[in-house]
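Novice: Quick one: structure below, then a few questions.
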Amino acid sequence: MKALTVAPDGTWTASAGEDAALRVWARRSGQAAAAMRTEGALFACAWSPDGRAIATGGERGLYVYGFRPGLDQ
């Protein structure tokens, strides 16, 4: 893992890494809620101020994903 960020409301954690994956975790349960694959290693990630999107960047550029949780937190 290269980067870790907590959602503005403290409910979710996102991680990005050299395996080219961005993952979102429910902080309370520790369960994985989402995973997105990119085309290269990732080095950074950040939530939008409203917690509805996650940006991640790495070898192949910047990716922005919408986030709509469906997991019981």
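The values are calculated or read from the model by the stated rules, or taken from the named source; none is laboratory data. This one's a predicted model, so the numbers in the text were calculated from it and none came from an experiment. Positions of Cβ are generated from backbone atoms using ideal geometry, with glycine treated the same way; all protein chains shown enter the neighbour counts.
Novice: Being exposed (fewer than 12 other Cβ atoms within 10 Å of the Cβ) and out of contact with any Asp or Glu (no Cβ under 6 Å at 6 or more places or on another chain): is that true of Val64 here? If you could, list the steps in order and put the result at the bottom.
Specialist: On the way: exposed (fewer than 12 other Cβ atoms within 10 Å of the Cβ): yes; out of contact with any Asp or Glu (no Cβ under 6 Å at 6 or more places or on another chain): yes.
Answer is yes for this residue.
Novice: Look at Leu71 and say whether it is of a type in the set (A, V, I, L, M) and at pLDDT below 95.
Specialist: On the way: of a type in the set (A, V, I, L, M): yes; at pLDDT below 95: yes.
Answer is yes for this residue.
Novice: Let me ask something additional. Which residue, of Thr11, Thr56, is among the polar types (S, T, N, Q) and within 9 Å of the chain's Cα centre (by Cα)? Let's see the steps before the verdict.
Specialist: On the way: Thr11 fails: within 9 Å of the chain's Cα centre (by Cα).
Just a single option satisfies the conditions, and that option is Thr56.
Novice: List the pairs whose first member sits in region 1-13 and is over 19 Å from Arg68 (Cα atoms) and free of Cβ contacts under 8 Å to residues at least 24 places away in the same chain, whose second member is surrounded by 15 or more Cβ atoms within 10 Å (Cβ to Cβ) and of a type in the set (Gly, Ala, Ser), and whose Cβ atoms are under 6 Å apart, counting only residues at least 6 apart or on separate chains?
Specialist: From region 1-13, the pairs are Met1/Ser15; Met1/Gly17.
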